[in-house]
Amino acid sequence: MTKLSVNINKVATLRNARGGNVPDVLKVAQDCERFGADGITVHPRPDERHIRKSDVYALRPLLRTEFNIEGYPSREFIDLVLKVKPHQVTLVPDSPTQLTSNAGWDTKTHQAFLSEVLEAFKQVGIRTSVFVSTDAEMIEYAAKAGADRVELYTEPYATAYPKNPEEAVAPFVEAATVARKLGLGLNAGHDLNLQNLNFFYKNIPWLDEVSIGHALISDALYLGLQRTIEEYKNCLH
Ligand code: PXP
């Protein structure tokens, strides 16, 4: 089964726009679970412009499904994750001011750094995932660094999909096959949506998890959160 982890950062962005507690991020996370999400993802950034550290602490005891924290492994981020102990941590190479993750790690250049950070998480039993492109060498070095999983950066797939779905997915099937041969678990995320998700899943049915935020929260404006989550789940069958 491919799990759907809902990234709730956009909900926090909306809340922060007014300074109060509407919408209530904690309630939305719990409702996502109630409506069938298999996990919740948050991406706390140093400037707390969407998810705040206090949200991350508050979510931990409330969630009943899988909690995934993604982010750049600064000292502050590492300390937060070690304290909160989510089920999974996903490392992204973002700079603090970046709008959104827009590239995978250069796992070869940063192998020593990643090994050290991944080991710290492993020691307390947190599953680790490293955000990568479809470059086979980057996946191999993620495995060498000790990652449990890789998360494929799917923006290039989403961009190419409308013109030629087969061509768009081909490098991802290859990368997913490399990951599988190396014994790595496989996640995917970025710009996945109701149009392109099912095709991706059908081509890579051994995918462990997708992490989806922007399109899903946007769809919920039209469809409502419950129906939206049901429709995304239906894409994973
Ligand atoms: N995976 C990672 C590592 C991300 O940084 C993001 C965006 O925060 C996502 C998945 C979700 O991407 P989207 O919001 O486009 O669904």
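Per-atom-type breakdown for the chain gives carbon and sulfur 52% of the accessible area (1.4 Å probe, protein chains only).
Along the axis of the charge dipole computed for the stretch 143-237 (Cβ charges of +1 for Lys and Arg, -1 for Asp and Glu, origin at the Cα centre), the listed residues Ile212, Val169, Gly183 are led at the positive end by Gly183. Accessible surface area normalised per residue over the stretch 33-113 is 45 Å², counting heavy atoms of protein chains with a 1.4 Å rolling probe. For the chain, lysine pairs separated by 8 or more sequence positions, or belonging to different chains, with Cα-Cα distances below 22 Å total 26.
Here the stretch 184-235 was treated as a single set of alpha-carbon atoms; its pair distances binned every 10 Å from 0 give 25, 55, 18, 1 percent.
Taking the Cβ of Asn16 as the centre, find all other residues whose Cβ is under 15 Å away and add up their charges (Lys, Arg: +1; Asp, Glu: -1). Write out the running numbers ahead of the final one.
Working: positive: Lys10, Arg15, Arg18, Arg45, Arg49, Arg52, Lys53; negative: Asp24, Asp47, Glu48, Asp55.
Taking every other residue near Asn16 into account, the sum is +3.
Length available on full extension from Gln111 to Leu26: 0.36 nm per residue minus the Cα-Cα distance, which gives 27.1 nm. Could you grab the Rg to Rh ratio for the stretch 1-130? Cα atoms only, Kirkwood for Rh. Rg/Rh for the stretch 1-130 comes to 0.96. With springs connecting C-alpha atoms under 10 Å apart, model the chain as a Gaussian network and identify which of Arg18, Arg64, Arg180 has the largest mean-square fluctuation. Highest fluctuation of the listed residues: Arg18.
Build a GNM of the chain with springs between Cα atoms under 10 Å apart, and of Val42, Val11, Val150 the one that fluctuates most is Val11. Rolling a 1.4 Å probe across the protein heavy atoms gives the stretch 129-212 an accessible surface of 41 Å² per residue. Within the chain, the ratio Rg/Rh, alpha carbon atoms throughout and Rh by Kirkwood, equals 0.94. Looking at the chain, the DSSP beta bridges with both ends there are about 0 percent antiparallel.
The values are calculated or read from the model by the stated rules, or taken from the named source; none is laboratory data. These figures come from a predicted structure and were not determined experimentally. Neighbour counts run over all protein chains shown; Cβ positions are idealised from the backbone, glycine included. The accessibility values were calculated without ligands, DNA or RNA, using every heavy atom of the protein model including side chains. Shrake-Rupley method; radii C 1.70, N 1.55, O 1.52, S 1.80 Å.
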